[in-house]
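Please read the structure below before turning to the comments.
The values are calculated or read from the model by the stated rules, or taken from the named source; none is laboratory data. Every value quoted in this text rests on a predicted model; they were computed, and no experiment measured them. Cβ sites come from the backbone with ideal geometry, for glycine too, and all protein chains shown count toward neighbours. In case anyone asks, the SASA skips ligands and DNA or RNA and just uses the protein heavy atoms, side chains included. Shrake-Rupley method; radii C 1.70, N 1.55, O 1.52, S 1.80 Å.
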Amino acid sequence: MKILAISNVFPPGFIGGYELGAFEILNDLSHKGHSVRVLTTNYFGDPLANGEIDVNRCLDCSVFSHLPRERDFIRECYYNHLNIGIISSEIKKYNPDVVLCFNLYGLGPVGILKFLEFIKVPYVVYLMDNFFAGINANPYLSNLFNKYFGSLAFLKHSFVISMSTRLSEEVGSTINSKLENVTYVPGWVDISTFKKSKINLSEENFRKFVFSSRIAEHKGVSILLEAVKKLRDLGYKNFIVDVFGNGDVSNLINRILNENLIDHIHYMGCLPKDAMKDMLTNYDALVFPTWEKEPFGFIVTEAATAGALPILTAGTGASEWFIHERDSLKIQRTPESLATAMRFVMEMDTQDLIKFRRRTFKESRRTFSSSNWFSVIESTLERCTEKREFSLNNVFLKQVEASFMNLARISKLYKPF
C-alpha cells in the first residue's frame with residue numbers, strides 16, 4: 001500500500017503518546033514493505049527527514065492546545081486553506097491508496113476530513129485523543145460551517161481506529177454523531193525491546209511504587225501527594241514512590257519538601273521510553289490517578305508488561321482493557337481511594353504479590369503485544385482501500401477550493417467580542 005499519513009507533530013519532536021504511537025505504527029508499516037509518506041509541521045524545528053520514512057514538514061499549525069483562541073478558531077478547528085492546498089497537491093503527486101489521519105488538532109481537522117470525504121479518497125481516522133475538542137466552543141461559527149458544508153455525520157460510517165470505547169463515545173458526542181465503524185486497538189507494547197524477560201521480585205516488608213507521566217494536575221499529582229500524606233500519617237513507612245516525567249517539576253519538588261514527604265517520594269527525572277520500560281520491572285506497582293478523560297495512557301500497558309501492577313483510575317481508556325484484582329487495581333480519583341489501593345499492596349503477603357504481578361506480566365504480554373495489534377491496524381487500512389474510487393480532476397478541486405474559500409470569506413464577517 002501507499003500510505004499518506006497526516007499528523008500535527010511527528011518525532012523526533014513530540015508532545016505525548018499520540019505522536020510516538022504514530023511513529024511506531026508507520027515504522028512498522030514501512031518495515032513490512034508499504035510505502036509511507038508523512039505530512040506534518042516543523043513545530044519543533046526537526047530535520048526534514050526521519051529515518052526510513054519520507055517526512056515532509058510543511059503543514060501550518062500554530063497551536064496544539066484544546067482550548068482554541070477566538071481569533072484562530074476557524075484555522076485551528078475547522079479550515080486552514082494552506083493545509084488543504086498542501087494535502088491536495090500531495091495526493092495528486094503521491095496518489096496514495098489510503099490516507100491515515102492521526103492528531104489533526106490545529107491543522108483545521110474538520111476541513112481536512114471534509115476535503116477527503118469530498119474527493120472520496122479512502123481514509124482512516126486514528127483516535128488516540130479527541131482532536132475534535134473545541135469545535136463547539138463557538139456556536140455561531142460552528143453553525144455557519146455546518147450550514148455551508150453540512151455536519152460531521154459522514155464520520156458515522158468512516159473507518160476509525162480508537163484506543164477505547166470511552167474515547168470513541170466522547171468523539172461521537174463532540175461531533176453529534178455516533179461512530180459505528182470502529183476498530184479498537186489498545187496501547188500496545190513492543191515486547192522485543194525489553195532487556196529483561198522477567199520481573200524483579202518484591203522485597204519483604206517494603207513496597208516500591210512508580211509514577212511515570214507528565215507532571216501536571218490532570219495526571220493526578222496532587223492526588224498522589226495527598227495519598228502519600230495519608231499513608232505517612234497512618235504510620236506506614238515501608239514504601240517509596242519514584243516519580244518520572246517532565247512538566248511542572250519545580251512545583252512538585254517544592255511540595256515534596258514543604259509537606260515533608262521526602263522520605264517517601266523521590267523525583268527521578270525523565271528517561272527515554274525504552275529505558276523507562278526496563279526500569280518499570282523494578283517496581284511492585286504503577287500509580288496512575290489520572291483524570292477520567294484519559295484516552296488511554298501507554299504507561300499502563302508498559303507497566304503491566306513489565307510486571308508492575310497498574311493502580312489506575314476507573315473509567316479511563318486503559319481501564320477498559322484490565323480486570324480489577326486480576327491484573328490491576330481500579331480506583332476512584334480521590335486520595336482516599338488511591339491510599340487504600342496502596343495499602344492493599346503494602347499489606348499483601350509478599351509471595352501473593354509476586355503471583356499477582358506475574359499473572360499481570362504474563363497476561364499483559366499476551367494481550368498488548370505490538371506484533372498482534374499492528375497486524376490489526378494493517379488489515380484495517382487494507383479493508384479501507386477496497387473502497388478506493390476517488391478522482392482528483394482539476395475542475396473538481398477548484399470547486400472544493402472555492403467552497404472552502406467562501407467559508408473563509410464569510411468567517412471574516414464574524415467579530416469576536
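Under the rule a/c < 1.5 gives rounded, and otherwise a/b versus b/c splits prolate from oblate, where does segment 148-283 land using the Cα gyration tensor?
Prolate is the answer for segment 148-283, as a/c is 1.5 or above and a/b outweighs b/c.
Taking a probe of 1.4 angstrom, what is the accessible area of residue 363 in Å², to the nearest 10?
30 Å²
Just need the relative contact order of the chain here, percent rounded to a whole number, with Cα pairs under 8 Å and 6+ apart.
16 percent
What are the extents of the Cα atoms of segment 284-384 along their three principal axes, in Å, largest first?
Result for segment 284-384: principal-axis Cα extents of 50, 30, 16 Å.
Just for the chain, what percent of DSSP beta bridges are antiparallel, to the closest 5?
Around 0 percent of the beta bridges assigned by DSSP in the chain are antiparallel ones.
Would you mind checking 32/196; 32/362; 92/156; 93/195; 2/273; 2/219 for any pair whose Cα atoms are more than 32 angstrom apart?
Violating the 32 Å limit, Cα to Cα: 93/195; 2/219.
Could you give log10 I(q)/I(0) at q = 0.16, 0.18, 0.19, 0.21 Å⁻¹ for segment 213-322, computed by the Debye formula over C-alpha point scatterers of equal weight, without solvent?
-0.74, -0.95, -1.06, -1.28
Across the chain, what fraction of all alpha-carbon pairs, as a whole percent, falls in each successive 20 Å bin from zero upward?
26, 52, 21, 2
From the residues 29, 307, 109, which one has its Cα farthest along the dipole of the chain in the positive direction, the dipole being from +1 and -1 charges on Cβ of Lys/Arg and Asp/Glu about the Cα centre?
Farthest along the dipole direction, towards plus: 109.
Sorted from largest down, give the three principal axis spans of the alpha carbons of segment 134-205, whole angstrom values.
64, 28, 18
Cα axis of helix 109-118 to longest principal axis of the chain: angle in degrees, 0 to 90, nearest 10?
50 degrees
Using amide H atoms built 1.01 Å from N in the peptide plane, name the residues 5+ places from residue 239, or on other chains, whose amide H lies under 5 Å from its own.
Residues meeting the amide H criterion: 207.
If one computes the Cα centroid of segment 330-386 and of segment 79-98, what distance in Å separates the two points?
Spelled out, the Cα-based centre of one part sits 39 Å from the other.
Quickly rank 197-206, 309-318 as a protection proxy: mean count of other C-beta atoms within 10 Å, highest first.
Top to bottom by mean Cβ count within 10 Å: 309-318, 197-206.
Keeping all protein chains in position, work out how much accessible area residue 321 exposes to a 1.4 Å probe, and write it in Å² to the nearest 10.
70 Å²
Rounded to the nearest 20 Debye, what is the dipole magnitude of segment 256-350 about its Cα centre when Lys and Arg each give +1 and Asp and Glu each give -1 at the C-beta?
Magnitude of the dipole: close to 220 debye.
Quick one: pull the percent of accessible area on segment 78-154 belonging to carbon and sulfur, 1.4 Å probe, ligands and nucleic acids left out.
53 percent
Please list, or write none, the aspartates and glutamates whose alpha carbon is within less than 17 Å of the alpha carbon of residue 198, excluding same-chain residues fewer than 8 places away.
Once the sequence-local aspartates and glutamates are set aside, what remains near residue 198 is 190, 274, 278, 284, 302, 327, 352, 363.
For helix 139-149, what angle does its Cα long axis make with the longest principal axis of the chain, in degrees from 0 to 90 and rounded to 10?
50 degrees
Can you list the residues of segment 130-149 with backbone N under 18 Å from a point 7 Å past the Cα of residue 120, pointing along Cα to Cβ?
Within reach of a label on residue 120, which here means backbone N under 18 Å from a point 7 Å along Cα→Cβ, segment 130-149 contributes nothing.
Could you tell me what percent of the accessible area of segment 225-326 is made up of carbon and sulfur, with a 1.4 Å probe and every protein chain present?
Roughly 52 percent of what the probe reaches on segment 225-326 is carbon or sulfur.
What angle, in degrees between 0 and 90 and rounded to the nearest 10, separates the Cα long axis of helix 370-385 from the longest principal axis of the Cα atoms of the chain?
Result, in degrees: 20.
Give me the dipole magnitude in Debye, nearest 20, for the chain about the Cα centre, with unit charges on the beta carbon: positive for Lys and Arg, negative for Asp and Glu.
For the chain, the charge dipole is close to 640 debye.
Which of the listed residues, 81, 317, 224, is farthest toward the dipole's positive end in the chain, when Lys, Arg count +1 and Asp, Glu count -1 at the beta-carbon?
81
If you roll a 1.4 Å probe over the heavy atoms of the protein chains, what accessible area per residue do you get for the chain, in Å²?
42 Å²
Taking the Cβ-Cβ separation of residue 334 and residue 88 as r and a Förster radius of 51 Å, what is the calculated FRET efficiency to the nearest 0.05?
0.55
Distance between Cα centroids, segment 262-282 to segment 189-244: provide it in whole Å.
Measuring centre to centre over Cα atoms gives 9 Å.
How big is the C-alpha Rg of segment 76-153 next to the rule-of-thumb value 2.2 N^0.38 Å, as a ratio?
For segment 76-153, the normalised Cα radius of gyration is 1.09.
How would you rank 124-130, 263-269, highest first, on the average number of other Cβ atoms within 10 Å across their residues?
Order by mean packing, descending: 124-130, 263-269.
Do you know the relative contact order of segment 112-240, to the nearest whole percent, from alpha carbon pairs under 8 angstrom that are 6+ apart?
20 percent.
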